[in-house]
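To keep things clear, I will list the structure first and then write my remarks on it.
The values are calculated or read from the model by the stated rules, or taken from the named source; none is laboratory data. This is a predicted model, so every value here is computed, not measured. A quick note on method: Cβ atoms are made from the backbone with ideal geometry, for glycine too, and the neighbour counts reach across all protein chains shown.
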Amino acid sequence: MTLLEVSGLHAHYGKSHVLHGVNLAIPDGAIVSLLGRNGSGRSTTLKTIMGLVRPSAGAVRLAGTELAARRPYDICRRGIGFVPEERLVFPNLTVEENLRMGIQPSPPGAHCWSIAEMYGYFPRLKERSSVRAGHLSGGEQQMLTICRSLLGNPRVLLIDEPTEGLAPQIVDVVMEVILDIGRRGVAVLLVEQKLTIALKVAAEVLVMGHGEIVFRGTPETLSDNPDVRRNWLEVA
Ligand SMILES: Nc1ncnc2c1ncn2[C@@H]1O[C@H](COP(=O)(O)OP(=O)(O)O)[C@@H](O)[C@H]1O
Ligand SMILES: [Mg+2]
């Protein structure tokens with residue numbers, strides 16, 4: 001079943017037309033990677049789904065409910081979580097207080113995430129639970145942002161370049177956490193620059209070019225398609 005459906009989505013920044021009719025569908029519980037070169041419109045797609053950029057045309061439906069004209073808070077409350085590229089923590093609150101800020105009821109029948117599980121994923125956050133988030137390293141802030149979003153019990157989580165700038169050991173942990181999120185039945189739309197990770201975790205991959213989806217397929221079909229990689233992914 002399709003959980004999140006985006007159709008004919010257009011978005012502008014002022015006069016600049018950035019999304020040119022994006023169509024995508026995220027099945028319930030699936031991990032889908034959204035790939036593309038810098039500037040292709042991946043972050044704008046996530047922000048427009050979240051209502052942070054107002055769509056100029058098109059539909060965003062979560063389990064059939066139209067969300068495109070709603071406010072970001074309402075979209076979040078209805079079950080779409082967002083981990084933006086900029087690690088958004090409350091700098092003056094402690095790690096634990098930041099986590100508590102994220103808690104929202106879970107949908108009926110769904111897994112309900114706990115702070116203890118978050119500390120299980122990232123023991124470093126437990127060690128630093130009473131430290132103000134503004135004093136954390138970039139990697140720790142990234143972990144905290146992921147955990148706070150999960151505690152909102154989203155049905156689908158949009159994650160923008162979670163491994164950017166992280167040390168290799170932490171990259172592997174973040175990848176394992178994303179796989180586990182999928183195993184618990186939460187759908188994920190993942191923007192990930194590292195192709196090996198994007199292909200490893202996803203059931204389906206989408207490639208964006210110039211504000212449109214130019215390829216969709218399995219990780220295997222993308223691996224077997226040098227033209228798509230050359231035309232839309234590799235830096236010329
Ligand atoms: N706030 C903004 N104001 C104006 N132009 C923007 C803004 N954010 C992004 N853009 C432009 O929109 C295009 C798509 O950007 P973005 O969605 O961030 O791409 P990606 O995440 O794939 O790198 C780029 O040309 C970028 O320069
Ligand atoms: Mg981006």
Quick one: is G58 at pLDDT 95 or above, in contact with a Phe, Trp or Tyr (Cβ under 7 Å, 6 or more places away or on another chain) and under 23 Å from M208 (Cβ atoms)?
-> no
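Return the residues of region 1-26 that are among the hydroxyl-bearing types (S, T, Y) and touching a residue at least 12 places away in the same chain (Cβ under 8 Å); say none if nothing qualifies.
Pass one, region 1-26, residues among the hydroxyl-bearing types (S, T, Y): 2, 7, 13, 16.
Scanning region 1-26 gives T2, S7, Y13.
Let me confirm something: among L88, L136, which residue is over 19 Å from I181 (Cα atoms), among the hydrophobic types (A, V, I, L, M, F, W, C), within 16 Å of ligand 2 (Cβ to nearest atom) and touching a helix residue (DSSP H, G or I) at 6+ places or on another chain (Cβ under 7 Å)? Can you show your working first?
On the way: L136 fails: within 16 Å of ligand 2 (Cβ to nearest atom).
Only one candidate passes the filter, namely L88.
When you scan region 107-117, do you find a residue that is within 30 Å of G134 (Cβ to Cβ) and within 16 Å of ligand 2 (Cβ to nearest atom), even just one?
As a first pass, look at region 107-117 and keep what is within 30 Å of G134 (Cβ to Cβ): 112-117.
If we keep only those that are within 16 Å of ligand 2 (Cβ to nearest atom) too, we end up with none.
Within region 107-117, none of the residues are within 30 Å of G134 (Cβ to Cβ) and within 16 Å of ligand 2 (Cβ to nearest atom).
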Taking the condition among the acidic types (D, E), assigned to a strand (DSSP E or B) and away from ligand 1 (no atom under 16 Å from the Cβ), does E97 pass?
-> no
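Among E127, E164, E192, which is the only one that is surrounded by fewer than 18 Cβ atoms within 10 Å (Cβ to Cβ), among the charged types (D, E, K, R) and within 16 Å of ligand 1 (Cβ to nearest atom)?
On the way: E127 fails: within 16 Å of ligand 1 (Cβ to nearest atom); E192 fails: surrounded by fewer than 18 Cβ atoms within 10 Å (Cβ to Cβ).
Being surrounded by fewer than 18 Cβ atoms within 10 Å (Cβ to Cβ), among the charged types (D, E, K, R) and within 16 Å of ligand 1 (Cβ to nearest atom) holds for just one of E127, E164, E192, which is E164.
Yes/no matrix, rows are residues, columns are (1) crowded, with 20+ Cβ neighbours inside 10 Å; (2) away from ligand 1 (no atom under 16 Å from the Cβ); (3) aliphatic (A, V, I, L, M):
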position: G120; (1), (2), (3): no, yes, no
position: P123; (1), (2), (3): no, yes, no
position: G134; (1), (2), (3): no, yes, no
position: L150; (1), (2), (3): yes, yes, yes
position: P154; (1), (2), (3): yes, yes, no
position: V171; (1), (2), (3): no, yes, yes
position: V214; (1), (2), (3): no, no, yes
Show the residue pairs that are 6+ apart or on different chains and have beta-carbon atoms under 7 Å apart, the first residue being within region 31-54 and closer than 21 Å to R155 by Cα and assigned to a loop (DSSP other than H, G, I, E, B), the second being more than 10 Å from ligand 1 (Cβ to nearest atom) and of a type in the set (K, R).
-> G51/R70; G51/R71
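Does R70 satisfy the condition of being more than 27 Å from T163 (Cα to Cα) and either within 16 Å of ligand 1 (Cβ to nearest atom) or not in a strand (DSSP E or B) (or both)? Can you show your working first?
Details: more than 27 Å from T163 (Cα to Cα): yes; either within 16 Å of ligand 1 (Cβ to nearest atom) or not in a strand (DSSP E or B) (or both): yes.
Considered against the rule, which asks whether it is more than 27 Å from T163 (Cα to Cα) and either within 16 Å of ligand 1 (Cβ to nearest atom) or not in a strand (DSSP E or B) (or both), R70 comes out as yes.
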Tally the residues that are touching a Phe, Trp or Tyr at 6+ places or on another chain (Cβ under 7 Å) and not in a helix (DSSP H, G or I), restricting the search to region 132-181.
-> 2
